[in-house]
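Novice: Starting off with a structure, shown below.
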Amino acid sequence: MTKSLAPQLDEPRQDEGQTAGVVSVRESGVVVREQLVQRTCAWCGIPVHYKGKGRPPQYCSAAHRTRAWELRTAEARAARPVSDGGRTREPVREVVERTETVVRTVVREGPAKVRVIPGVRLSGAPYTLPEDAVEWVQALMYLRRHTNSPKIHFFREHIARACETTARVLRDPASAIPAPDRQTVASPSRTL
């Protein structure tokens, strides 16, 4: 039930404390004034104070005003038809390519002796060995020139023992193995 704020004219009224008959009372009107003092931010909900001048603020900061605008415009863009750049209502479909690798190992008859070569160096690079006498001589000359290198220096004793054992085997005529026939044995791969 709402009450009108319009003035009521010529109605007799009894004031408190006066019992005598009042003939007429005239009220000029009741003025009710409302003024916005604060409202909550439309983005985060914290109170935003209003000073009474200009348009009342809806957001506590420009960043929240920008976020709300971005959300409104994104919703408007998504509501457009797909042909105009809107969002589709169909589920996302994916195309997946599957590659299978089959490894076949073929064992063939051949020489019974297998040469053992380390697969990789400590650095992870493929390990290679010299393939003929010239490359072995070059590798040993490189070793001799770089004995003070930090990569070699700490292993000098191990290298010296291995070289002494190799030299002893090379000088022993009983350990000489006849050279293989080049037509029957394929040359080994240089890298593993």
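The values are calculated or read from the model by the stated rules, or taken from the named source; none is laboratory data. Bear in mind that the values here come from a model prediction, so they are computed numbers and not experimental data. Neighbour counts are summed over all protein chains in view; Cβ atoms, including those assigned to glycine, are modelled from backbone coordinates with ideal geometry. Side chains are part of the model used for accessible areas, which takes the heavy atoms of the whole protein and leaves out ligands, DNA and RNA. Shrake-Rupley method; radii C 1.70, N 1.55, O 1.52, S 1.80 Å.
Novice: Kindly provide the set of residues from region 140-163 that are farther than 19 Å from P130 by Cα and open to solvent by 90 Å² or more (accessible area, probe 1.4 Å), ordered by number.
Specialist: Listed by number, the residues that qualify are N148, P150, K151, F154, F155, R156, E157, H158, R161.
Novice: Among E97, E109, E135, which is the only one that is at pLDDT 80 or above, of a type in the set (D, E, K, R) and in a loop (DSSP other than H, G, I, E, B)?
Specialist: It is E97.
Novice: In addition: Is it the case that some residue within region 12-24 is surrounded by 10 or more Cβ atoms within 10 Å (Cβ to Cβ), modelled with pLDDT of 70 or more and at negative phi?
Specialist: Yes, region 12-24 has at least one match.
Novice: Name the residue that is surrounded by the most Cβ atoms within 10 Å (Cβ to Cβ), counting only residues in region 63-88 that are of a type in the set (G, A, S) and part of a helix (DSSP H, G or I).
Specialist: Here the answer is A68.
Novice: Quick one: how many residues across region 48-62 are within 31 Å of the chain's Cα centre (by Cα) and surrounded by 14 or more Cβ atoms within 10 Å (Cβ to Cβ)?
Specialist: Counting residues in region 48-62 that are within 31 Å of the chain's Cα centre (by Cα) and surrounded by 14 or more Cβ atoms within 10 Å (Cβ to Cβ) gives 1.
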